[in-house]
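The values are calculated or read from the model by the stated rules, or taken from the named source; none is laboratory data. Everything numeric here is computed off the predicted structure, so don't read it as measured data. Cβ atoms come from the backbone with ideal geometry, glycine included; neighbour counts cover every protein chain shown. These area figures cover heavy atoms from the full protein model, side chains too; ligands, DNA and RNA do not enter into them. Shrake-Rupley method; radii C 1.70, N 1.55, O 1.52, S 1.80 Å.
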There are 2 protein chains.
Amino acid sequence: MNHSTAHQASVSPPPQLLVVGTGAVGGYYGAQLAKAGATVSTVHRSDYAVIRERGIQIDGLQGSSLFRPAHVLQQVEIQEQAPDYILVALKVLEEIDTASIIRPAVGKKTVILLLQNGIETEQRIADAFPDNEILSGLAFVCLSRTAPGRIAHSCYGHLAIGRYPRGESQAAHQLAALFEQSGTACVVSDDIGLERWKKLVWNAAFNPLSVLSRATTAEILANPAASHLVEQVMREVCRIAEAAGYRLPDGIVEKNLAATRKMKPYKTSMLLDYLSGRSMEVEAILGNVVRAADRCGIAAPHLQSLYGALSLLARPASTAENQ
Amino acid sequence: MNHSTAHQASVSPPPQLLVVGTGAVGGYYGAQLAKAGATVSTVHRSDYAVIRERGIQIDGLQGSSLFRPAHVLQQVEIQEQAPDYILVALKVLEEIDTASIIRPAVGKKTVILLLQNGIETEQRIADAFPDNEILSGLAFVCLSRTAPGRIAHSCYGHLAIGRYPRGESQAAHQLAALFEQSGTACVVSDDIGLERWKKLVWNAAFNPLSVLSRATTAEILANPAASHLVEQVMREVCRIAEAAGYRLPDGIVEKNLAATRKMKPYKTSMLLDYLSGRSMEVEAILGNVVRAADRCGIAAPHLQSLYGALSLLARPASTAENQ
């Protein structure tokens, strides 16, 4: 069934795709889908002028390439023909009303793929578009925006996508086939929530701590008290996930720690956001798991501590440094 | 007995005092003791030249005053006559070997007063000078060094001093009488360890969190998650203190929170240290309480979380911000 879907995709008219939130993740995966034959347009709040003129340069592991979107837009507009897919790679922030942003382009049959971090972030979009299929997706990859219209792709990775909240999806298989054609490994999951919790094990530990202490992954693991904290946070996430209905694989904590020890010293995406003065996804990555713990009656003192410090650091008018 | 001691102090030859570590705390209390008639010399690692020339200016609540020490020294030297008291106001840091620093001036009868933050910091000095009386003391006051040789005294406060590890002390009463004469309230405690734990309730919560989030006390209390964290940390300190043999007064957490809500927005001393690039007393204020919890078998997940993040932030070669 997967094979016939992939085959079908290559002979049907190319799918129309709109990428909204075209930072590093949106730009890179948009480029991959275009490489596989999709007609990909992009929307840019910042970098619009540069990308309209010059396209998006992707500096990858095997050299650079240029991605020229079919259309470069400054905001989501009503399309002549509604796109088959909208790939949303906006950050999950209180101040970003994703549903309102994408609404002009959402047609009756448009499938919305949310390629975003965190847990329990999809329901708002599902509520806003009750008749559209929602896919939820995760990118396991090292990508960063190094300049306007320029993305560095510094390690291979893979995608996991699946129907929200769960279940089989023809559309997910079609997208996965396109990604695979472009050289991006893409797993289709019928329980994408589980994948989100699995990714959160790493993110909830390393992202907040990296910001609070301005540290790379290697610096975190080299400090005994910090390394101990990482492990405790990961174990809390596993307990909360289980109580929320997602039993994570045995040994996931140890595997995450071992894999991180093998990585080059790495600045988390949240640390890069912080150092650049950009908003951090505190609620998607940390607040939502603390609230899930409360809801499920699971103690989460380590996560609560990180959340207390990080949500305070992320307060809108942080003035202490300037007083 | 107290009264006769105080009276005796005023007719005996004035006590000789050496203040070592003459930042805001050492400078201010040295000045107070000089005001009460003691002969006070001071040792300055930094600010030596300025203070030798101009003395120490104290900008207080009722105007400014000038303190001219009897002798201004750049390092502790062997004294012709060993001082009656050495007041140590050095920070408690791994890299500061207090015993070696003060050793040249410690005579057979010299009483050593450690006016420092944190808990379980005195034993090293007691071990180094087994025949000398050790007093331990705490300053509850708002003091800051605003420029070389200049101290701002922005709120009244009091001192608590007492014999280490516990018990009655004639010397403590003599010093207290001098402080009282100068207008500084000074309580003599025969269980100074209890006073240290009481002060730690506030310090272990507000100092680390203020640094991790660059926040004033008011900003901390205005953030629900941070405010919740402060309370949890305070309750952990109480449980650890009790297990370590120091039962803290009922309602101490609520009293600390209420008092802090009434304060003007305040930057903790640790935050001021951090913002100025000075070393922070992470081990005295946080590491020692986490180790006490381990030793006593008390769970301290909130303290451990703050300790993990803060000891990582305080690592010697913090490079993340510059990379």
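Going by Cα centres, segment B:150-216 and segment B:224-300 are how many Å apart?
If we compute the Cα centre of each part, the gap is 15 Å.
May I have the convex hull volume per residue, in Å³, for the Cα set of chain A?
Looking at chain A, the number lands at 143 Å³ per residue.
Using only the heavy atoms of the protein chains and a 1.4 Å probe, how would B:140, B:129 rank by accessible area, largest first?
Greatest to least solvent exposure: B:140, B:129.
Distances from residue B:107 to the same residue in each other copy, label points 7 Å out along Cα→Cβ, in nm, shortest first?
For residue B:107, the other copies' label points sit at 9.6 nm, shortest first.
What number, in percent, do you get for the relative contact order of segment B:195-313 if the mean sequence gap of Cα pairs under 8 Å and at least 6 apart is divided by its residue count?
Result for segment B:195-313 is 37 percent.
Figure the gain on full extension for residue B:97 and residue B:154 (residue separation times 0.36 nm, minus the Cα-Cα span) and round it to one decimal in nm.
Gain on extension, residue B:97 to residue B:154, equals 17.5 nm.
Enter the buried accessible area of the A/B pair, total of both sides, probe 1.4 Å, in Å² rounded to the nearest 100.
Buried surface at the A/B interface: approximately 2700 Å².
Please list the non-local residues whose amide H lies under 5 Å from the amide H of residue A:135, H modeled 1.01 Å from N, same-chain partners needing a gap of 5 or more.
Amide H to amide H, under 5 Å and 5 or more residues apart or across chains, residue A:135 pairs with A:112, A:113, A:114, A:164.
With the label 7 angstrom out along Cα to Cβ, how close does residue B:68 come to the same site in each of the other copies, in nm, nearest first?
8.3
What residue among A:167, A:37, A:193 shows peak mean-square fluctuation when chain A is described by a Gaussian network model with Cα springs under 10 Å?
In this elastic network of chain A, the residue with the biggest mean-square fluctuation among A:167, A:37, A:193 is A:167.
Where a ≥ b ≥ c are the square roots of the eigenvalues of the C-alpha gyration tensor, would you call the protein assembly as shown rounded, which needs a/c under 1.5, or, failing that, prolate if a/b is larger than b/c, or oblate?
prolate
Please report, for residue A:52, the nm distances (one decimal) from its label point, 7 Å out from Cα along the beta-carbon direction, to the equivalent points in the remaining copies, shortest first.
6.8
Just how much of residue B:145 is accessible, in Å², when a 1.4 Å probe is used and the result is rounded to the nearest 10?
Its accessible surface works out to 110 Å², give or take rounding.
Going through the cross-link list B:91/B:262; A:198/A:262; A:91/A:267; B:91/B:199; A:198/A:255, which pairs have a Cα-Cα distance over 22 Å in this structure?
In this structure, B:91/B:262 lie more than 22 Å apart at Cα.
Given the Cα-Cα distance of residue A:255 and residue A:190 and 0.36 nm per residue of separation, how much length would full extension add, in nm?
21.1 nm
Using a Förster distance of 60 Å, how high is the FRET efficiency between residue B:127 and residue A:82, based on the Cβ-Cβ distance and rounded to 0.05?
Working: r = 78 Å, r/R0 = 1.30.
Efficiency, rounded to the nearest 0.05: 0.15.
Counting each DSSP H run of 4 or more residues in chain B as -39500 (n - 2.57), what helix-only mean residue ellipticity at 222 nm follows after dividing by all residues, to the nearest 500 deg cm²/dmol?
-13000 deg cm²/dmol
Relative contact order for chain A: what percent, with Cα pairs under 8 Å and sequence separation of 6 or more?
On the way: 562 pairs, mean separation 49.2, N = 323.
Once divided by the residue count of chain A, the mean separation gives 15 percent.
How large is the accessible surface of residue B:254 in square angstrom, using a 1.4 angstrom probe and rounding to the nearest 10?
In the full protein context, residue B:254 sits at about 90 Å².
Along the three principal axes, how long is segment A:146-302 when you take its alpha carbons, biggest first, rounded to the nearest angstrom?
Result for segment A:146-302: principal-axis Cα extents of 46, 43, 29 Å.
Can you list the residues, at least 5 places off or on another chain, whose amide H is less than 5 Å from the amide H of residue A:146, using H built in the peptide plane?
Amide H neighbours of residue A:146, under 5 Å, 5+ apart: A:151, A:152.
For segment B:1-158, calculate the relative contact order in percent as a whole number, restricting contacts to Cα pairs under 8 Å that are 6 or more residues apart. Walk me through the intermediate numbers first.
Numbers: 287 pairs, mean separation 38.4, N = 158.
That works out to 24 percent.
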